[in-house]
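One structure below.
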Amino acid sequence: MGDDIATTTGNSQESGGPDITDLGDDVFQIDTRMAGYQGITAGYLIRSSRPCLVETGTSTSAPVVQAALAALGIGADDLATVVVTHIHLDHAGGVGDIASMFGSAQVVVHEKGARHLVDPSRLMAYGDALDVLFGTMVAVDADRMRTLDDVGVIDLGDGRRLESYYSPGHARHHVGLVDSASGDLYVGDAAGVYIPETGDLRPATPPPDFDLEVALASIAKFAALDPSRLLFSHYGPVTAVASTLERSAEEISVWVDSTRTARSAGMDLDHAVEAVRERTMSRYRSLAPDADPLVAEKFEQLSGAAANVGGIWHWLDKVEQAAAR
């Protein structure tokens, strides 16, 4: 797996400073270092005449992102826009912190997620066990917010723009973003999780919003946009666009089929998780016996079997309930 995916890399900062990669077209990848991990969550700066940050990472990532923006010449009054693909805490947990650090920046999110950035209490109801991953989310002032509908445009200055496309299936508040100058498509989690060390691509199907048909439709929408690159929040750029999106759809289908099979065999959720984990493990180099255990650990943090199967299970519950009615 992974031979058909080619990545585009630039020059990272020297070790010790912010981890920044120049991707060309004034686009810079920032490692936001969730829970101290390298290469697990990415933010992207578009250094246009109206600088825009795509994804903030978690609350604990905010100082890392601030340092990276400073290294790229973006001061406290320079950032024009912060946009998130969706409001999950590994993507948007740092929005309130970044908004307070960059007082001129407008915060942009799909309309279905906006209220949770203004009042993050429900997002923070995950319990103390995940504090180390996500930190504590800071609310965003409502007057700093701008919401997107099913399509929208974010002004990057000098005619450059980000065009947003509603792309649920992973989350009901998810958007993809296309840069008019570079052709890059910021895919969030709608196309899954990409591991650059191994070329693995794994679905992201957590509860409560996963829906198979909707997720596949969003991937088809991305393919129809014909972007030049895919920029994964987890993690990095991919240039083999068509084959990667085909794989993304395939991976989702494999996990759904495997979960259905386990469910039909009478397994409960816990046993189904282990069965699906075992059945799919051979698809991923990062989970091979000789793989780097740190990469495997990172993969499980990003796209754990329990979360993926749990989301599919929840969707199957809804499908069965609808059929019964």
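For the reader, a short list of remarks on this structure follows.
- With every protein chain in place, the chain: carbon and sulfur % of accessible area (1.4 Å): 50 percent
- With eigenvalues of the C-alpha gyration tensor scaled by 5 and rooted, the stretch 195-323, Å: 24, 20, 11
- For the chain, the fraction of C-alpha pairs farther apart than 34 angstrom is 18 percent.
- Most positive-pole-ward Cα, PHE210, VAL95, GLY157, against dipole of the chain from beta carbon charges: PHE210
- Principal axis analysis of the Cα atoms in the stretch 204-263 yields extents of 39, 22, 20 Å, listed in decreasing size.
- Hydrodynamic estimate: the Kirkwood radius of the stretch 20-137 over Cα pairs, inserted into Stokes-Einstein at 37 °C and 0.692 mPa s, corresponds to D of 234 µm²/s.
- The calculated Kirkwood hydrodynamic radius for the stretch 127-262 is 16.2 Å, given to one decimal from all distinct C-alpha pairs.
- Where the alpha-carbon atoms of the stretch 81-197 are placed on the principal axes, they occupy 44, 37, 26 Å, in descending order.
- Computed per residue of the chain from DSSP H runs no shorter than four, each worth -39500 (n - 2.57), the mean residue ellipticity at 222 nm is -10000 deg cm²/dmol.
- Approximate shape of the stretch 280-325 as ellipsoid semi-axes (Cα gyration tensor, √5λ), whole Å, largest first: 32, 10, 5
- q = 0.26, 0.27, 0.29 Å⁻¹, the stretch 47-102: log10 I(q)/I(0) [Debye, one scatterer per Cα]: -1.04, -1.11, -1.24
- Semi-axes of the equivalent ellipsoid of the stretch 169-231 are 19, 16, 10 Å, computed as sqrt(5λ) over the eigenvalues of the C-alpha gyration tensor in descending order.
- Under 11 Å, Cβ to Cβ, from THR147 - net charge with Lys/Arg +1 and Asp/Glu -1: +1
- Solvent-accessible area per residue, Å², over the chain with all protein chains present [probe radius 1.4 Å]: 40 Å²
The values are calculated or read from the model by the stated rules, or taken from the named source; none is laboratory data. Every value quoted in this text rests on a predicted model; they were computed, and no experiment measured them. Positions of Cβ are generated from backbone atoms using ideal geometry, with glycine treated the same way; all protein chains shown enter the neighbour counts. SASA here: full protein model, heavy atoms, side chains in, ligands and nucleic acids out. Shrake-Rupley method; radii C 1.70, N 1.55, O 1.52, S 1.80 Å.
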